[in-house]
Number of protein chains: 2
Amino acid sequence: MAQPVNRQWLLTSRPRGLLKESDFTWNESQIPEPAEGQALVRNIYLSLDPTNRGWASDRTTYMPPVELGTPMRGFAIGIVEKSHHPDFQEGQLLEGFFGWQDFCLTDGNHVTPVHLDPELPLSAHFGLFAHIGLTAYFGLLEIGEPKPGETLVVSGAAGAVGSLVGQIGKIKGCHVVGIAGTDEKCHWLTEELGFDGAINYKAEKVQPRLKELCPDGIDVIFENVGGPILDASLSLMNLHARVALCGLISMYNAEKMVPGPFGFPYVLVRRAKIQGFIIGDYMHRAAEAIPEITHWYKEGKLKYRLDIVDGLEEAPKVVNRLFDGSHKGKLLVQVSDEPGA
Amino acid sequence: MAQPVNRQWLLTSRPRGLLKESDFTWNESQIPEPAEGQALVRNIYLSLDPTNRGWASDRTTYMPPVELGTPMRGFAIGIVEKSHHPDFQEGQLLEGFFGWQDFCLTDGNHVTPVHLDPELPLSAHFGLFAHIGLTAYFGLLEIGEPKPGETLVVSGAAGAVGSLVGQIGKIKGCHVVGIAGTDEKCHWLTEELGFDGAINYKAEKVQPRLKELCPDGIDVIFENVGGPILDASLSLMNLHARVALCGLISMYNAEKMVPGPFGFPYVLVRRAKIQGFIIGDYMHRAAEAIPEITHWYKEGKLKYRLDIVDGLEEAPKVVNRLFDGSHKGKLLVQVSDEPGA
């Protein structure tokens with residue numbers, strides 16, 4: 001499936017609201033040759049993530065905007081096809097910001113070798129580890145500081161990160177309630193993943209349902225959504241609650257400034273902590289998390305599901321599944337075959 | 001000045017917007033007799049604080065609402081007039097929630113003996129210590145975690161707490177900018193207290209002025225105000241900034257829910273921490289703070305000013321100086337004379 005050309009999606013206009021295919025331009029160019037100190041990487045799995053929306057805007061988020069006319073930024077797993085870089089060998093698996101394209105040159109900056117347990121499939125890397133599993137692990141444990149018997153609420157709970165957060169919360173002895181957008185997802189959370197409760201925010205009133213499902217109040221909020229969903233949780237916080245602020249997906253497509261939570265004064269009166277984080281802040285500690293996550297997975301305590309879409313062509317269309325909630329599990333684009341496939 | 005009766009301001013209706021004199025009823029009753037296990041305290045200085053507004057509402061903040069028909073809650077310094085309590089002796093100075101009245105019975109709950117350095121006047125207790133100085137000390141140092149060379153922004157900077165926060169920030173080697181509501185206050189901050197800059201939010205555009213005065217961005221925000229003032233600071237936060245959320249005075253008189261900060265997404269992208277606190281959480285550590293604050297004061301590094309109003313009758317009127325900003329320094333009502341006066 002290796003391509004004779006390098007197919008790319010260039011970002012060519014700034015989106016308003018949702019990302020649209022017309023914001024991108026399909027481009028085919030020659031496969032580049034690595035210079036001294038560079039390696040050529042072929043993308044295998046391209047990860048589509050809510051944060052992609054922010055990168056496409058003209059505002060600096062935690063990274064500068066993608067420049068117009070360049071390949072859309074995307075986190076991916078790839079394989080080294082040619083290397084003139086001392087640290088990388090042909091056939092080696094790497095993860096990095098390889099973008100919405102078949103091939104990418106890298107000088108090794110922000111690139112990490114993928115060391116996957118030989119018993120696990122390559123796609124498990126994005127199901128359990130990488131920016132997904134490590135976000136769940138460090139965000140929950142370092143910022144949320146869950147203690148046995150406490151109540152954890154996860155929004156975006158059926159998402160790639162949220163579903164792991166809830167399961168790790170259960171491992172840590174918490175009462176775990178998830179908020180998701182379909183009955184099917186809620187069923188998956190409670191019946192397959194062991195959540196104690198789940199709320200379909202599209203069909204139920206979130207605040208009164210949370211109150212029912214969290215009779216002892218809320219100690220830890222793992223927030224992926226923001227807006228009224230966050231407000232509902234804030235109003236039920238116990239003293240000294242912790243909010244791990246991982247995402248605000250309800251705001252990413254807003255065209256003007258959106259107010260913060262109406263429940264903001266609860267942060268004061270309940271003496272709570274809200275802390276934002278991105279996984280980049282913890283990547284250097286990956287070696288702490290990976291063995292533990294692997295162990296939990298092999299014990300059957302952590303499950304994940306993937307939503308793998310075949311073909312780079314599909315990326316601009318399917319990325320919006322993240323925002324309408326129609327994806328089921330970690331959303332990936334398969335750009336080319338796994339080694340040995 | 002001891003009264004033959006116990007004069008009291010009872011809270012008799014829930015305020016809408018600002019506290020009004022008509023929300024209170026003046027009452028004169030017999031001075032109560034302490035039972036076994038109780039002491040009778042005569043109020044000397046009654047502290048008026050922004051948080052009083054919240055206590056008068058029907059919502060539980062960090063304390064339950066003041067019940068209608070009972071004396072308005074207020075923090076005060078008093079002197080023991082009679083004691084049938086094993087821990088308290090006649091003539092001893094105490095601090096506690098003695099209320100808007102001349103006399104109060106206490107069973108010792110939430111009451112602390114006042115141990116003031118003999119070189120300091122009694123009123124210094126509310127200028128430098130008590131819930132004022134300890135709020136500044138622990139909020140800034142424990143939550144703000146200021147480091148030398150960092151930039152600290154204080155809102156409500158000319159207030160009792162804010163003015164100490166900025167000075168402690170200078171002691172800790174920070175670049176300190178205050179936001180206050182008059183030119184006179186701003187002048188006091190920069191010329192008397194050593195702030196590096198001050199912004200009159202009623203006369204100047206806060207965000208562009210903050211940008212000028214904080215050329216390296218903001219690392220620590222000590223927030224007393226909320227609303228657009230907080231938004232201006234959030235937009236200039238550096239990575240891993242800390243927001244010590246001490247008060248939201250701009251919201252206390254609101255009659256309906258007020259949106260949270262429009263700049264809330266900055267908490268995510270700058271990976272910042274917002275943490276609410278009240279001094280009650282740190283009171284057990286007062287012994288750490290008091291010697292250090294005393295030392296700084298005697299070295300001339302900490303200054304304070306008091307706005308002392310004579311007479312309990314004045315309390316309902318003057319409490320609103322906290323909200324219109326017309327007070328200058330810690331607002332106290334002198335209810336009766338100091339011992340030896």
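Any read-out appearing in this document is the output of simple, stated calculations on the displayed coordinates, not a laboratory observation. Quick caveat: nothing in here was measured; it's all calculated off a predicted structure. Virtual Cβ from ideal backbone geometry, glycine too; neighbours counted across all protein chains shown.
Taking segment A:199-251 on its own, what percent of its Cα-Cα pair distances exceed 17 Å?
32 percent
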Taking a label point 7 Å out from Cα toward Cβ, give me the nm distances from B:ARG16 to the same spot in the other copies, shortest first, one decimal. 4.1
When A:MET257, B:MET283 are arranged by how many other beta-carbons sit within 10 Å of their Cβ, fewest first, they go A:MET257, B:MET283
Let me have the relative contact order for segment B:3-134, percent, based on Cα pairs under 8 Å that are six or more residues apart. 27 percent
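Which pairs, out of A:LYS273/B:LYS147; B:LYS20/B:LYS330; A:LYS273/B:LYS185; B:LYS170/B:LYS317, put more than 24 Å between their alpha-carbon atoms?
Exceeds cut-off: A:LYS273/B:LYS185; B:LYS170/B:LYS317.
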Residues whose placed amide H lies under 5 Å from that of A:LYS330, excluding near-sequence neighbours: A:ARG305, A:LEU306, A:ASP307
Charges only on Cβ, +1 for Lys and Arg, -1 for Asp and Glu: so what's the dipole of chain A about the Cα centre, in debye to the nearest 20? 1260 debye
Convert 4 °C to kelvin, take the viscosity as 1.567 mPa s, use the Kirkwood radius over C-alpha pairs of segment B:255-341 as Rh, and evaluate the Stokes-Einstein diffusion coefficient in µm²/s, rounded to a whole number. 74 µm²/s
Fewest-first ordering of A:GLU204, B:GLU192 by Cβ atoms within 10 Å yields B:GLU192, A:GLU204
Principal semi-axes in Å for segment A:1-134 [√(5λ), Cα gyration tensor, largest first]: 25, 19, 13
Along Cα→Cβ at 7 Å, what distances in nm separate the B:MET63 label point from those on the other copies, shortest first? 5.0
Can you give me the relative contact order of chain A as a percent, contacts being Cα pairs under 8 Å and 6 or more apart? 18 percent
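What are the equivalent ellipsoid semi-axes of chain A, built from the alpha-carbon gyration tensor (square roots of five times its eigenvalues), in whole angstrom, biggest first?
35, 22, 17
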Between A:LYS256 and the same site in the other copies, what are the distances in nm, shortest first, taking label points 7 Å from Cα along the C-beta direction? 1.7
Radius, Kirkwood style, for segment A:205-309 when every pair of distinct Cα atoms is counted (Å): 16.1 Å
MRE, 222 nm, helices only [DSSP H, n ≥ 4, -39500 (n - 2.57), over the protein assembly as shown, to nearest 500]: -6000 deg cm²/dmol
Remind me, relative contact order of segment A:209-341 in percent, using alpha carbon pairs under 8 angstrom and six or more residues apart? 18 percent
Of all alpha-carbon pairs in segment B:100-225, indicate the percentage at a distance above 20 angstrom. 48 percent
